[in-house]
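Step one of this worksheet: look at the structure below.
Any read-out appearing in this document is the output of simple, stated calculations on the displayed coordinates, not a laboratory observation. Bear in mind that the values here come from a model prediction, so they are computed numbers and not experimental data. Ideal geometry is used to build each Cβ from the backbone, glycine not excepted, and the neighbour counts take in all protein chains shown.
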Amino acid sequence: MSRYSAAEIEAKWQEAWDKAGIFRATHTDDKPKYYVLEMFPYPSGRIHMGHVRNYTMGDVIARYKLATGHNVLHPMGWDAFGMPAENAAMAIGGHPKDWTYQNIDDMRAQMKPLGLSIDWSREFATCDPEYYGQQQALFLDMLEKGLVYRKNAVVNWDPVDMTVLANEQVIDGKGWRSGAEVERRELTQWFFKISDFSEELLEALDGLDNWPAKVRLMQENWIGKSRGIEIPFHRTNGGDPVLCYSTRPDTMRGASFIAISPEHPLSRELAGGNAELAAFIAETRKMDTTEAAMEKAEKKGIDTGITVRHPVYPDIELPVWVGNFVLMDYGTGAVFGCPAHDQRDLDFARKYGLDVRNAFYMPGDETEVENDALVPAKSEKVVYIDHFAGISEVTSQEGIDATIDYFEANDLGVGQVKYRLRDWGLSRQRYWGCPIPVVHCYTCGVVPEAKENLPVRLPDDVTFDVPGNPLDRHPTWRDCTCPKCGKPAKRETDTMDTFVDSSWYFARFTAPRAETPTDMAEADYWMNVDQYIGGIEHAILHLLYSRFFARAMHLTGHLPAKAIEPFDALFTQGMVTHEIYQTRDGNGRPVYHLPEDVSDGKIADGTKVEIISSAKMSKSKKNVVDPVNIISAYGADTARWFVLSDSPPERDVEWTASGAEAAYKHLSRVWNLCDRIGVMDADIPGDGDDDLLREMHKAIRDVTLGVESFGFNAAIAKLYAFTNVLSKSQASMAAQKQAIMTLAQLMSPMTPHLSEDIWAHQGGEGLIANAPWPKADEAMLVDQSITLPIQINGKRRAEISVPPDMDKAQVEKTALATDAVQKALDGAQPKKVIVVPGRIVNVVI
RNA sequence: GCGGGCGUGAUGGAAUGGUAGACAUAUCAGACUUAAAAUCUGAAGGCCUAAUGGCCGUGUGGGUUCGAGUCCCACCGCCCGCACCA
């Protein structure tokens, strides 16, 4: 008897698939196409279990679709630009390009043994000039269509390193390397006009039926449509009115101050003659640029001394403050504060001694607001106090609408629909990204690079020994000639946000070697992505940007109209987690240990480790398991089987050594089962063939349903159960052979190598990867009899065994005749009997 | 702070509003073995009971329903995103 040797069979079948070329995707019209895509990886150097889980899920779908007669496109590439390559160059020397391509080679080598059904002939990296050159062409087309423009925007500036910092490089308001206080600095930068598409991106969410509802909701909130009003507040002693935007104009009666952003033109103007104000504005510049930091920071303000008149209660004068919590990017950069109905405004008012005035009460409760703002739901009824539009007890929503109508009718303001969504700033002051293909001509100004000069290649001869962007100090690259007038010009030294690279790669996969960004015939055939799979962390930015890009590519003639929503179905998978093992050093600081260095809860020197509950695998906590080690110990099929079992795909899965071991044992059991069935006589008449085949058809039904609905864990549980039935079965060899071959087929999307081997062993024809998916026989799914639980007042008290097709009246009669029901009734009549056919009987007494 | 999600045995989890705990891990018992490992068989939510059986039980509190893990409301805890991380 042979033993299950994963290493041997996996290499063998991977070679067989390669030789047969069955995963090569070609455009043919005799089969329906199916495009399955997993979010491509950043080439950090090693694959991790999260990748294994993501690609295994995609592979299950791809292989299942192949077996169900589809022409499958399942590509893979590399999201290869980004900061880590530059950080590595700074930390350990070398060149970002060498580092990146080496990592890609390493990761491809680690990925191949997984046996994924990927068409490697379509592979590319976003840092290939062939890719980013096409991206530059796209950029120029978008520029021509007016989808790109320049404006000033704020960045995190490290005054010591003299460089722009990403948000993640700002720790507690300080630069991660220099430790210097980070400042906000304005630079002229390139923007995509995604805000022009706010309404469309919002409305189209409705059609994305196969996206998780939570992702659609998150995008809806991100776009943040609101109906409000712009109200000019006239200054009491002259000057331009202060234009405020509000979504709650119904609270106007409670307005007690105006707050403007530190970046508001009026703030800047006043700062000129007001040292205290100038200092305050300078202080707010030392806040980092993240929204979370802004929101969490203490709300501070300074009185400008200016006052404005309330538009409907002219005796009320409101002070104008500069507030660090007012965003210049949203609305008009100025708001009126209504402390009674907004907690933030209330805190601000209490801090600075400003008035608090209710605009409404709750019906029957005329208490003035003290410490808790009164913020009822918009659908709740409130009683407005002395409202100028004459309304009294209505919902807040009706109050808002009535107020806007009144303001518009009396020329006091203009109703406005606004979106929270801001334009997408794509400029990055970094080397390792796609160069923005424009030049700054000393004569003509900003001039797009000529298309025949693309790609604008990154120069290779750069160093990272001095801070800042190497492109900025590279004279031969930076200095160029103007494509328009031929006179001297300076190349744009900013590169593109890496989100640009990942916003259209799915389209490029349809024709990865095309001389234009896409080949319309191929894009028309392969688009859309039928199933997209990736992490929930991309729910907003990457997916929203891709939706915008698909529209932009349609407008510039690079995608057909049907592809403006590029992802038909989206699945967001959970993370792979692991326990954290730590000991303490002499100073009591934690020291982390790799799982492979811990046995029996101890490290090599015998010290006991503290176990911290499972968290996302991360290098810093050392709670990582290297897939390469797992594959060499147990094989790819075990790794694939385990990451799919136990947890539902959308939830986190905890990697445990015992779980991996169990997966391996199970696959060995299946292998041994196949071996046994192979060696016994095929003619032994058996017992219970019908029972075994009935279970087999149920397994076909359940596993098919599981694979189609991303219930991989449930499908695997069913496969365990069916294997248990088969291993105990006394059925004839013919029936057992049929059962094991079907089992191999049902397992083949998850454990393709083992399944091929069983298939070959049992004399199956060709490759199992090409074999048509089994179909469940309806007639075999019906049981001879079913067990119905009998409830009395909703509690289970008995059960009856009845034929599945017994009619309701007969079921009721049988149920009422049981001892438990008779005893409970004690001669009385039941109040009600509920019979749910095939499910349950409930007797209400 | 804002937006989104999750919460079920010792553990991971299963359950179209219809028998809560499928399947697996860990545990315990038995078989095989000189022994161990491996393998195979079986037990098992908690409490009470000799047993039959009963009571309790899906983060907490309330509600809808003949019936709630599932739907609604409030609260608690944990996780993710917040626009220059990918």
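Side notes on the structure shown:
- In chain A, the longest principal axis of the Cα atoms and the axis of helix A:541-555 are about 80 degrees apart.
- Sorted fewest first by neighbouring Cβ atoms within 10 angstrom, A:Glu756, A:Glu812, A:Glu650 come out as A:Glu650, A:Glu812, A:Glu756.
- The angle separating the long axis of helix A:6-20 from the principal Cα axis of greatest extent in chain A is about 80 degrees.
- Spherically averaged projected area of the convex hull of Cα atoms, region A:553-660: 11.0 nm².
- Partners for A:Lys12 among lysines (Cα-Cα distance below 18 Å; same-chain residues under 8 apart left out): A:Lys112
- The residue among A:Tyr149, A:Leu165, A:Gly207 whose Cα reaches farthest toward the positive pole of the charge dipole of region A:110-215, with charges on the beta-carbon of Lys, Arg, Asp and Glu, is A:Leu165.
- Furthest towards positive pole of dipole, A:Ala359, A:Asn842, A:Val591, structure part chain A, Cβ charges: A:Val591
- Ignoring lysines fewer than eight residues from A:Lys737 along the same chain, the ones with Cα atoms less than 16 angstrom from its Cα are A:Lys728.
- Of all DSSP bridge pairs formed entirely within chain A, close to 80 percent run antiparallel.
- For A:Ile840, A:Ile700, order by how many other beta-carbon atoms lie within 10 Å, fewest first: A:Ile840, A:Ile700
- Taking other C-beta atoms within 10 angstrom as a stand-in for reagent exposure, A:Phe571, A:Phe509, A:Phe81, A:Phe388 fall in the order A:Phe388, A:Phe571, A:Phe509, A:Phe81, fewest first.
- Net charge of neighbours whose Cβ lies under 12 Å from the Cβ of A:Pro363, counting Lys and Arg as +1 and Asp and Glu as -1: -3
- Highest average first, the peptides A:340-347, A:275-282 ordered by how many other beta carbon atoms sit within 10 Å of their residues are A:340-347, A:275-282.
- C-alpha long axis of helix A:343-352 to longest principal axis of chain A, angle in °: 40 degrees
- Between A:Thr290 and A:Asp524, the simple spin-label model (points 7 angstrom out along Cα→Cβ) gives 4.7 nm.
- In a reduced charge model with +1 at each Lys and Arg Cβ and -1 at each Asp and Glu Cβ, region A:70-174 shows a dipole moment near 220 debye about its Cα centre.
- Per residue Cα convex hull volume in Å³ - calculated over region A:67-174: 210 Å³
- Cα-Cα over 19 Å, subset of A:Lys698/A:Lys718; A:Lys174/A:Lys296; A:Lys299/A:Lys418; A:Lys33/A:Lys65; A:Lys698/A:Lys808: A:Lys299/A:Lys418; A:Lys698/A:Lys808
- Packing-based ranking, highest mean first, of A:130-140, A:62-72, A:822-832 given that Cβ atoms within 10 Å are counted: A:130-140, A:62-72, A:822-832
- Assuming charge only on the beta carbon of Lys and Arg (+1) and of Asp and Glu (-1), the dipole of chain A about its Cα centre is about 620 debye to the nearest 20.
- Computed from the Kirkwood radius of its Cα pairs, the Stokes-Einstein diffusion coefficient for region A:453-563 at 37 °C and 0.692 mPa s stands at 195 µm²/s.
- A straight Cα-to-Cα reach below 12 Å connects A:Lys832 with the aspartates and glutamates A:Glu812, residues fewer than 8 places away in its own chain not being considered.
- Using C-alpha pairs below 8 Å separated by at least 6 residues, the relative contact order for region A:531-646 is 21 percent.
- Lys pairs, region A:526-684 - Cα-Cα below 18 angstrom, 8 or more residues apart or on other chains: 4
- Ordering of A:324-336, A:8-20 by burial proxy (mean other Cβ atoms within 10 Å per residue, highest first): A:324-336, A:8-20
- Total charge dipole magnitude, region A:194-334, about the Cα centre, Cβ charges on Lys, Arg, Asp, Glu only, Debye to nearest 20: 420 debye
- In region A:715-774, one over the average inverse separation of all distinct C-alpha pairs is 11.7 Å, which is the Kirkwood hydrodynamic radius.
- Estimated [θ] at 222 nm from DSSP helical runs (n ≥ 4, -39500 (n - 2.57)) normalised by residues in chain A, nearest 500: -10500 deg cm²/dmol
- When the charge dipole of region A:298-436 is built from unit charges on Cβ atoms (+1 for Lys and Arg, -1 for Asp and Glu) and taken about the Cα centre, the candidate among A:Ile316, A:His387, A:Leu327 whose Cα reaches farthest toward its positive end is A:Leu327.
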